[in-house]
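The values are calculated or read from the model by the stated rules, or taken from the named source; none is laboratory data. This is a predicted model, so every value here is computed, not measured. All Cβ positions, glycine included, derive from the backbone under ideal geometry; neighbour counts span all protein chains shown.
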Amino acid sequence: MQTFQLTREFTEQFTQLIEQRDLEALRPLLDELHAADIAEIFDELNLDEAVYIASLLDNSKKVDVLAELEPDVQVRFFKGYTAEAIALEFVQHMDSDDAADVLTLLDRSVAAEIISYLPNKDEQQYLSKLIEYPENSAGGLMTGELITVKIGWNVRRCIEEIRNQAENVERVLTVYVVDKHDKLVGWVSLKKLILSKDDVLVEDIYDSTVFSAEVHDSGEDIAQTMKKYDLIALPIVDSRHRLVGRVTIDDVVDFMQEEAEKDYQLLSGISENVEASDKVWVLSRARLPWLVIGLMGGITSSLVIGGFEEEIQRNVHLAFFMPLIMAMGGNAGVQSSSIVVQGLANLSIDGQNILPRILKEFSVAMINGLICSALVIAYGLLIGLPHDITLVVSISLVAAILIASMVGALIPLLLERFEIDPALATGPFITTSNDLLGLFIYFLIGNMLL
C-alpha cells in the first residue's frame, strides 16, 4: 500500500462525492484508505460531511478513525451524535482505555449519560471507575481487556478460557495468572501452554516473577518500568494486589509523545497544549503569559541598567559587553536546567544523588566559565581593549556562568519538590531570570573594580 498524501485537489473531489452521495465511488475509496488517512480527511470536512462518511464505515474502522483524531476534533465530531449513538456506535466497540480517553474529553454528565446506554453492566461499572483516574496515572492509561487464568486450572481449561476471553482482546500479549481472589501471582506464555499436556496444572508451569504497577502510579513510572525491563505490557493491580488491567506499549508511546510535546511547548514559552490548527485567540492565549513575563524582565533589565547609568557614562565600553554577559548567563542556565530536567524525567536524579549532581554542574560551569573568560581576555588583548574593562568582563563572565548554572540546576529541583513540571525551568522563565542576574553581577563587579 502506498503512503497517502492529502492534497487540495483530492479534498475537493472527495467533498464533491459527498455532495453527490456517490456511494459507488465512496465505499471502495473508504475501504482502500487506512483509518489514519480517513482521520486526516476528517480535519478538512464539516460536521455533517464527517458524520455522513462515518455512517459508511463498519464499526471496527469507525472506531479506528475516531482513535486517530485529535482530541478537539473528537469533541467536535461527537456533536453530530446523541449520547445513545455515541455509546452504541463507538464506545461499545472500543478498548476500555481508548473509550475512557474519549469520555474524559466530554462533560462529566455527558460521559455518565453515554455510559448508561452501554448494554453491558460490567462495562458500565468498569468505565465509570476508569474515567475517575487521573489521565496520566496507571489507571488512566490501562485497559481492562486482557487474558487471565486461575492458578488451579489445568492447561485444557486454560486454553478453553483463552478462546472465550480472546474475543474481546485485540492483542493477546501475555496470559496472567491469578489466585481465587483475583490477586496477581504470575504469568504464563502462550507457547508454554500450547506445548504442555492438557492435564498439566498452571501452578507447575507459570512464572511467579512478574512486574506490576498500582493504579495510582504515575505514567512516568510506568514508562520507566517498561523501558527498563523491555516489557510490551505491564499488569496493573489495585491496593489489594488484585489484577484490574494492563498498560500496553502503544499507550506508553502515546503518553511519552504527549509529554514530550508538552515539555517542548514549555521550553518554547507556550503555556497550553495547542496545535497549529487552533484558533488565533487560543494560540495567542497560550503564548501571551510568557511574553508578558519577558516584557517584565525587559523592564526590570532597563531599571538595572538605569541604576548604573553613571558607571556606563564613565566607562562606555561596559555597554558593549552587556549582550555578551546576558546571553552567556542565559545559555549556561538553560543548559544546566535541561540536564537536570532530563535526569528527573529518566529518574537518574533522586533524593540520594542531588548534591553530587549539583557539585558536578558547578565544576562544569567553572571550567566553561574559565575557558570563555580566557577567550575574552585574548580578544581584549587583540583589539587593544583597556585592561581594566577586560578584567571586569572576564570576571563577570565567570561569575554569570557559575550563578546561572547553579540557578538552572536548582530551579527544576525546586519545581519538582512542589509538584510543578520541571520542564518549566528550561523555558523563558530561566532565561529571563538569568539575564537579570548576569546583568546585575556585571555592573556590580564593574562598579567595584572601576
Q) Restricting the first residue to the range 120-135 and requiring it to be free of Cβ contacts under 8 Å to residues at least 12 places away in the same chain, which pairs with a second residue that is β-branched (Val, Ile, Thr) meet a Cβ separation below 7 Å and a spacing of at least six or different chains? A) 124/115
Q: Tell me, yes or no, whether the range 388-411 has at least one residue that is modelled with pLDDT under 85 and among the charged types (D, E, K, R).
A: no
Q. Can you tell me which residues in the range 146-165 are surrounded by 15 or more Cβ atoms within 10 Å (Cβ to Cβ), without any contact (Cβ under 8 Å) to a residue 60 or more places away in the chain and closer than 18 Å to residue 243 by Cα?
A. 147, 149, 150, 151, 153, 158, 161, 162, 165
(Q) Is it the case, given these coordinates, that residue 92 is free of Cβ contacts under 8 Å to residues at least 24 places away in the same chain, touching a helix residue (DSSP H, G or I) at 6+ places or on another chain (Cβ under 9 Å) and under 29 Å from residue 164 (Cβ atoms)? (A) no
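Could you tell me which of the residues 19, 49 is farther than 22 Å from residue 95 by Cα, without any contact (Cβ under 8 Å) to a residue 40 or more places away in the chain and surrounded by fewer than 17 Cβ atoms within 10 Å (Cβ to Cβ)? Let's see the steps before the verdict.
Details: 49 fails: surrounded by fewer than 17 Cβ atoms within 10 Å (Cβ to Cβ).
Answer to the selection: 19.
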Q.
With the requirement that a residue be among the hydroxyl-bearing types (Ser, Thr, Tyr) and modelled with pLDDT of 85 or more, what does the range 412-450 give you?
A. 442
Q | Residue tally, condition surrounded by 15 or more Cβ atoms within 10 Å (Cβ to Cβ) and aromatic (Phe, Trp, Tyr), over the range 313-361 | A | 1
Q.
Based on this model, can you work out whether residue 183 counts as more than 29 Å from residue 256 (Cβ to Cβ), surrounded by fewer than 19 Cβ atoms within 10 Å (Cβ to Cβ) and within 32 Å of the chain's Cα centre (by Cα)?
A. yes
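Residue-by-condition table, conditions (1) under 27 Å from residue 340 (Cβ atoms); (2) touching an Asp or Glu at 6+ places or on another chain (Cβ under 7 Å); (3) at pLDDT below 80:
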{"residue": "234", "(1), (2), (3)": "no, no, no"}
{"residue": "246", "(1), (2), (3)": "no, no, no"}
{"residue": "255", "(1), (2), (3)": "yes, no, no"}
{"residue": "258", "(1), (2), (3)": "yes, no, no"}
{"residue": "264", "(1), (2), (3)": "yes, no, yes"}
{"residue": "268", "(1), (2), (3)": "yes, no, yes"}
{"residue": "272", "(1), (2), (3)": "yes, no, yes"}
{"residue": "275", "(1), (2), (3)": "no, yes, yes"}
{"residue": "278", "(1), (2), (3)": "no, no, yes"}
Q) Taking the condition within 20 Å of the chain's Cα centre (by Cα) and either in the same structural domain as residue 91 (by TED's automatic domain parsing) or not hydrophobic (A, V, I, L, M, F, W, C) (or both), does residue 135 pass? A) yes
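Every residue, every condition in (1) touching a residue at least 40 places away in the same chain (Cβ under 8 Å); (2) closer than 20 Å to residue 450 by Cβ; (3) of a type in the set (A, V, I, L, M, F, W, C), yes or no:
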residue: 280; (1), (2), (3): no, no, yes
residue: 283; (1), (2), (3): no, no, yes
residue: 289; (1), (2), (3): no, no, no
residue: 299; (1), (2), (3): no, no, yes
residue: 314; (1), (2), (3): yes, yes, no
residue: 317; (1), (2), (3): yes, yes, no
residue: 322; (1), (2), (3): yes, yes, yes
